[in-house]
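Notes to accompany the following structure.
The values are calculated or read from the model by the stated rules, or taken from the named source; none is laboratory data. Bear in mind that the values here come from a model prediction, so they are computed numbers and not experimental data. So basically every Cβ, Gly included, is an ideal-geometry build from the backbone, and we count neighbours across all protein chains shown.
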Amino acid sequence: MERLDLKGRLFIALMGIVLISLIAVFTVGWVIAPLYFAEHLKSLHVSRPEVQIVEAELQRGFEYAWTIGTLWALALSLPLALGLSLFVARRIVGPLKAIQTGTAEFATGNFQHRIAPVGIPELDGLVRSFNILADSLQGVEQRRQELVADLAHELRTPLTVLGVYLEGLADGSVIGNPEVYNRLNREIQRLRKLVRDLQELSRAEAGYLPLEVKTLDLKPLCREVIEKFNPQIQEDGPILQLELGQLPPVLADPGRVEQILINLLSNAIRHTEQGTIQIGATQKGNFVELYVKDTGTGITPENLKHVFERFWRADPSRNPATGGTGIGLTIVKKLVEIQGGNVWVESTLGQGTTFHFTLPLAYR
C-alpha cells in the first residue's frame with residue numbers, strides 16, 4: 001500500500017486522539033455514573049421509601065438514557081471532530097507544501113518566489129525564515145550575474161588587445177619591436193592584477209582572509225607608504241604630504257593597513273594630475289581616524305554611493321589609464337571592516353575627494 005502523505009498521517013493521528021478520548025469518556029462514564037446514581041437512590045430510601053419499589057425501573061431508565069445520550073453525542077461529535085481534524089491538517093500542511101513548492105522553484109533558478117503568512121505564529125516564523133533565505137539567495141544570484149558580466153567586460157579589452165597584436169605578429173602585419181612587446185606585457189600585467197584582486201576580494205567576502213593583528217604604530221607605516229610612491233610621481237604631478245600628530249597605537253594587521261593605504265593612494269594619484277594628496281590621522285574616541293585627501297577631479301553626489309561597489313568606476317568609459325581593476329576600493333572596505341573599523345568617502349566634483357577609515361585603539 002502506498003504510504004500516506006503528511007496530511008493523511010496527521011489527519012489519522014488527530015482522529016485517533018479524538019476516538020480514544022471519546023471511548024475513554026464513554027467507558028469511565030458507563031462505570032462511574034451508575035454507581036453515583038445507585039448511591040443517590042439509596043440516600044432516598046429513608047426520606048422516600050416508595051423509591052425502593054421503582055428502583056430497578058429507575059436504574060434501567062438511567063442506563064437507557066445514558067446509552068441514547070452517548071450515542072447522540074458520538075453521532076454529533078464524530079463529524080465535528082472529522083471536520084476539525086481535516087481543517088487543522090490542511091492548515092499545518094499547506095504552508096509546508098508552499099515551502100516545498102518554493103524550494104522547487106529555487107531549484108529551477110526562480111529566486112523571486114515568496115510565501116504568504118498563514119496566521120499560525122510558529123509556521124509564520126518558518127515562512128519568514130524562508131522568505132529571508134529567498135531574499136538572500138536572490139541577492140547572491142544577482143551579484144553573481146553582475147560579477148560575471150563585469151568580469152567579462154574587464155577581460156574583453158586586454159584579451160582583444162592581445163589577440164590583435166598576436167595575430168598581427170603571426171601574419172607579419174605587425175612588426176615586433178620593444179614598444180609592441182611592452183604593450184603586450186602591460187596587458188598581461190593588467191590581467192594578472194585583475195586575477196589577484198579577485199582572489200583577494202573572494203577571500204575577504206568569504207571571511208577567509210588571514211589577519212596578523214598586533215599593536216601598531218601608524219607613523220612609520222605611513223611614512224614608508226609615502227616613500228614608496230614618491231619615485232612614481234612625475235615632476236609636474238601631485239605632491240604627497242603627511243600630516244600626523246600624536247597618535248596612540250592601534251590594534252590592526254600592518255600588512256593589511258599598508259594595503260589599504262596603497263589602494264587609496266593609487267586611486268588618488270589616478271584622479272589627481274596636479275595639486276596635493278595628503279595622508280592624515282586623528283584620534284576619535286576609541287578609534288584612530290585616518291584619511292587620504294586629494295585635490296583631484298572629485299565624484300558627483302549621485303555616484304558617491306557606488307564608490308565601494310566592485311567594478312564600479314567614475315569614468316564611464318572604463319579607461320584603464322584613469323581606473324584600475326575597479327576592485328581596489330571594494331577590497332579597502334572589506335579590509336577595514338574585518339579589522340573592526342569603518343570606511344566612508346566625501347567628495348566635491350572638481351575640488352577633490354577624501355577617504356576616511358577608522359582602526360580601533362590598542363589600549364582603551
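On inspection, residue 154 qualifies as farther than 30 Å from residue 280 by Cβ, at pLDDT below 85, surrounded by 15 or more Cβ atoms within 10 Å (Cβ to Cβ) and among the charged types (D, E, K, R). Is it true that residue 235 is out of contact with any helix residue (DSSP H, G or I) (no Cβ under 6 Å at 6 or more places or on another chain), assigned by TED's automatic domain parsing to the domain that holds residue 340 and closer than 20 Å to residue 360 by Cα? Judged against the criteria, residue 235 is not a match. Report whether or not residue 134 is touching a Lys or Arg at 6+ places or on another chain (Cβ under 8 Å) and among the small types (Gly, Ala, Ser). Taking the combined requirement at face value, the residue satisfies it.
Scanning the stretch 107-132 for residues that are modelled with pLDDT of 75 or more, part of a helix (DSSP H, G or I) and surrounded by 14 or more Cβ atoms within 10 Å (Cβ to Cβ) gives 124, 126, 127, 130, 131. Among residues that are closer than 23 Å to residue 353 by Cα, assigned to a helix (DSSP H, G or I) and assigned by TED's automatic domain parsing to the domain that holds residue 274, residue 258 is included. Among residues of the stretch 279-308 that are on the phi > 0 side of the Ramachandran plot, those with a Cβ under 7 angstrom from a residue that is among the small types (Gly, Ala, Ser) and surrounded by fewer than 20 Cβ atoms within 10 Å (Cβ to Cβ), sequence gap 6+ or separate chain, pair up as 298/350. Being part of a loop (DSSP other than H, G, I, E, B), surrounded by 11 or more Cβ atoms within 10 Å (Cβ to Cβ), assigned by TED's automatic domain parsing to the domain that holds residue 286 and not basic (Lys, Arg) holds for only one residue in 242, 247, and it is 247.
Restricting attention to the stretch 193-238 and to residues that are small (Gly, Ala, Ser) and in a helix (DSSP H, G or I), the residue that is nearest to residue 154 (Cα to Cα) turns out to be 202.
Pairs are defined by a Cβ separation below 7 Å, a sequence spacing of at least 6 or placement on different chains, a first member in the stretch 244-259 that is among the basic types (Lys, Arg), and a second member that is in a loop (DSSP other than H, G, I, E, B); the pairs so defined are 256/211; 256/339.
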